[in-house]
Structure formats: C-alpha cells, structure tokens
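**Student:** The structure follows.
Throughout, read-outs are computed from the coordinates displayed, never taken from laboratory work. Source: prediction; values computed, not measured. Here Cβ is always computed from backbone atoms with ideal geometry, including for glycine, and neighbour counts include all displayed protein chains.
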Amino acid sequence: MKYRDYKMTPFYKLRYENVNGYNLFIKRDDLYPIIGGGNKGRKLDYILLDCLNKGCDAVVTCGGIQSNHNRATAIKCKELGLECTIIIHSNPIKKLSGNLKILELLGVNIVYCSLKNISSIMDNEMKILEKKGFKPYYIWGGGHSYEGTLAYFNAVKELRKQTEVNFDIVFLASGTGATQAGLHCGFKYYYPNTNVYGISVARKKEKGKIEIIKTIQHFISQNKLDNSYLEDVIFDDRFNCGGYEKTNIEQLNLIKHVAQKYGVILDPTYTSKAWMGMNYFMKNNILPANSNILFWHTGGLLNLMAQ
Ligand SMILES: *Cc1c(COP(=O)(O)O)cnc(C)c1O
C-alpha cells in the first residue's frame, strides 16, 4: 500500500572553495516533505505504512519535549486520520515553541511523565486505546525501528538515482543510530567504497556503536545480507558538546557561518554537531585531496526555533 506520492529530497554541490580540492555535497532531508522536515518524516512514512498494513488505527509513541519524532508522528497521524497518543518524558512547560508548539496545535492526546515511568505509561496508553475499541500501534521513541532503518537504506537508492557522483565519505548526525544503520547498509550496498561517518549528538562512543551494530545485525538478517555489513561502523563522540541538547558557543557560531555562506540552516541539537565533526576532518586535511564529501542533512529546524 502506498498512501502518498513521494518526491526526492534535493541533492546538490555546495560552493565550498578550498586548496585540497574537496567537493562538498549535501542531501537535504531537512526538506523532506513534512512541516519541519527531517529524518523523522522519512522514517515515519515507512513506519506508518507498516501500521496501516497491520490494520491499526491508532498510534502510541514517546519522546522529549522538543522531539522531532513526536511532532512528525502527530502530523502524519492527522494526515492519515489515526488516533494519536504522544508521551513526553518531561514536566509540562508553559512556553510553547518549536516542535511543542506544533504538537499542541495538532490537538493529539499528550501525556507527560517521568523518564523512568515511560515504558509502563506507554503500555498503559496502549491498553486505554484498546478499551476504547482502537487497534493501537506502538512506535519506539525516535522512530527507532526496522522500518526506520529500511527508510534510510532506500534513501541511498534514491541518491543513487539522483547523481553519478561517487562519494568517499558521508557525515551525518547520529542519535539512536537507526538512520546511521540504514545509511551504512545502503551505502555498502549501492556505494561499496563509501565510508559512513556517524557523529554522535549524545551517546558515548562504545554504547552508541553497540546499538548501531545491533540495528545492522537485525537489518541484515531480515534482508539476507552478509556479515561484511557489520564492518566499518564509525561513531565519533568528540563533537557532542557534552551531551543531548547541550550546546556551546563554537557550535552557535558555526550555525551562523553555514547559514551565511550556504543558505543552509543547521540546528543546535543535531546537525551542527555533525557539521562540526565534518569541518574538523576538512580543516585538518585528514581526508585525501579531491575527496567527494557528502553531508546528509537530517533536519532540526524546529529545534533551532525552540532555542
Ligand atoms: C532524530 C534526529 C537525528 C538522529 O537520528 P537517529 O536515527 O536517532 O540516529 C538526527 N538529526 C535530527 C534532526 C533528528 O531529529
């Protein structure tokens, strides 16, 4: 079943002049067709397809107060006419901005709770919907799921159709790792010589990498891909600015610089960390001359607007 025609997100070369002859390209998933854009929209198109295929008519999911995933889920549920319960692991706040403003506007059921109660609250909300006669569908926080990973595997196929360019390295902002796992497998499949470089937005290197490998393991077993897909997983935590939603002045200056130079808007929670990591590699001549470098923009506009 297909519920909407989907157009490719833009891909192009940035005006980046440098002595090393680096070519810098960008894949604009920040312009994925949903209000606020981003990778959560792309993941959800696959997740909700699974929801509809299973005959479900309601959704329960969770996230933080400025969760892109919650916002994208609520919008798509309204589009599709699905009942929607969003659990936010935070205290309610008065100031409505960014994702929270849109979430409130959509009028979905919002339940606030503490982080430690999240799974029992989610189970409870599933039961409440069942009692009301719905068939609810459970989505993990962040859209971390097989379908989310598949969305990014297929995103590489989309890129392959868009351009003849072969990339040496791809940088992206990595959180739960579902996006990275999908891109990792997708690039190994469609561009066997490309390295996918995940820049952590929060997690420490060891934990983050284990999660990505688990996700890849599940994906390759579902798709009968071989164990070589488990190799070369890179998750760099040097640019996370101290953790999730933590930011610093260098990062804010970088957001300004990239906006003024390229007209590309990064955000403080995710994409500016990835750009910072990429910048480190370009500025310190770590990549070979004439490398083709791709920045995979994953969104975050509403995180910037919430600042
Ligand atoms: C969620 C998110 C990410 C991280 O995606 P994961 O699949 O969880 O790693 C990166 N960028 C933006 C803008 C996000 O909202």
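**Student:** To the nearest 10 degrees, how steeply does helix 271-283 sit against the main Cα axis of the chain, on a 0 to 90 scale?
**Tutor:** Approximately 10 degrees, to the nearest ten.
**Student:** What relative contact order, as a whole-number percentage, does the chain give when Cα pairs under 8 Å and 6 or more residues apart are counted?
**Tutor:** Relative contact order of the chain: 23 percent.
**Student:** Which cross-chain or sequence-distant (5 or more) residues have an amide H under 5 Å from the amide H of residue 195, H modelled 1.01 Å from N in plane?
**Tutor:** Long-range HN contacts for residue 195: 169, 170.
**Student:** Can you run phi through the Karplus equation (6.51, -1.76, 1.60; θ = phi - 60°) for region 94-100 and list ³J(HN,Hα) in whole Hz, with x for Gly and Pro?
**Tutor:** 7, 6, 8, 9, x, 4, 5
**Student:** Output wanted: per-residue J couplings in Hz (rounded whole) for region 247-252, from phi through Karplus 6.51 cos²θ - 1.76 cosθ + 1.60, θ = phi - 60°, x for Gly and Pro.
**Tutor:** For region 247-252, the Karplus curve yields 9, 9, 5, 4, 5, 5 Hz.
**Student:** Report the relative contact order of region 1-158, percent, no decimals, based on alpha-carbon pairs under 8 angstrom and at least 6 residues apart.
**Tutor:** 26
**Student:** Sticking with this one: Compute the Cα gyration tensor for region 228-276, then decide on rounded, prolate or oblate, letting a ≥ b ≥ c be the square roots of its eigenvalues: rounded whenever a/c is under 1.5, prolate when a/b is larger than b/c in the other cases, and oblate in all that remain.
**Tutor:** oblate
**Student:** Suppose R0 equals 25 Å. What FRET efficiency, 1/(1 + (r/R0)^6) with r the Cβ-Cβ distance, do residue 7 and residue 193 give to the nearest 0.05?
**Tutor:** So, using R0 = 25 Å, E works out to roughly 0.35.
**Student:** So, one more: Search the structure for amide H atoms under 5 Å from the amide H of residue 67, placed 1.01 Å from N in the peptide plane, and list their residues when 5 or more places away or on another chain.
**Tutor:** Distant-sequence amide H within range of residue 67: zero hits.
**Student:** Here is the link list: 132/214; 94/256; 40/207; 161/209; 40/214; 54/78. Which ones come out longer than 24 Å on Cα distance?
**Tutor:** The answer is 132/214; 94/256; 161/209.
**Student:** What net charge do the residues around residue 205 carry, taking every other residue with its C-beta under 12 Å from that of residue 205, with Lys and Arg at +1 and Asp and Glu at -1?
**Tutor:** Net charge in that neighbourhood comes out at +1.
**Student:** While we're here: If packing is taken as the average count of other Cβ atoms within 10 Å, what order do 149-157, 241-249 fall into, highest mean first?
**Tutor:** So the peptides 149-157, 241-249, ranked by packing, come out 149-157, 241-249.
**Student:** Another question about this same structure. Which residue, chosen from 20, 10, 193, occupies the Cα position most advanced towards the positive end of the dipole of the chain, where the dipole is computed from +1 (Lys, Arg) and -1 (Asp, Glu) charges on Cβ about the Cα centre?
**Tutor:** Checking the options against the dipole of the chain, the answer is 10.
**Student:** Please state the equivalent ellipsoid semi-axes for the chain: what are the square roots of 5 times the Cα gyration tensor eigenvalues, largest first, in whole Å?
**Tutor:** Rounded to whole Å, the semi-axes are 32, 22, 18.
**Student:** Report the full-extension gain for the segment residue 35 to residue 204: residue separation times 0.36 nm, less the Cα-Cα distance, to one decimal in nm.
**Tutor:** Working it through step by step, the gained length comes to 57.8 nm.
**Student:** Another question about this same structure. Kindly rank 174-183, 50-59 from highest to lowest mean number of other beta carbons found within 10 Å of each residue.
**Tutor:** Descending mean neighbour count gives 174-183, 50-59.
**Student:** Next question. Would you mind calculating the relative contact order of region 176-279 from Cα pairs under 8 angstrom and at least 6 residues apart, reporting the percent as a whole number?
**Tutor:** Relative contact order, region 176-279: 30 percent.
**Student:** Then there is this: Under a 5 Å amide H to amide H cut-off, with H placed in plane at 1.01 Å, what residues pair with residue 111 once short-range neighbours are removed?
**Tutor:** 86, 87, 88
**Student:** Here's something else I'd like to know. Could you pull out which residues in region 153-189 have an amide N less than 20 Å from a spot 7 Å beyond the Cα of residue 228, following the Cα-Cβ vector?
**Tutor:** Residues passing the 20 Å test: 153-154, 156-157, 160, 166-170, 181-189.
**Student:** Would you please put 133-142, 265-274, 24-33 in order of how densely packed they are, using the mean number of other Cβ atoms within 10 angstrom per residue and starting with the highest?
**Tutor:** 265-274, 24-33, 133-142
**Student:** Would you mind checking the radius of gyration and Dmax of region 108-227 based on alpha-carbon positions, in Å?
**Tutor:** Expressed in Å, the Cα Rg and Dmax of region 108-227 come to 17.5, 53.
**Student:** Could you give each residue of region 72-83 its phi-based ³J(HN,Hα) in whole Hz, using Karplus coefficients 6.51, -1.76, 1.60 with θ = phi - 60°, and x for Gly or Pro?
**Tutor:** 4, 4, 4, 4, 5, 4, 5, 4, 8, x, 9, 5
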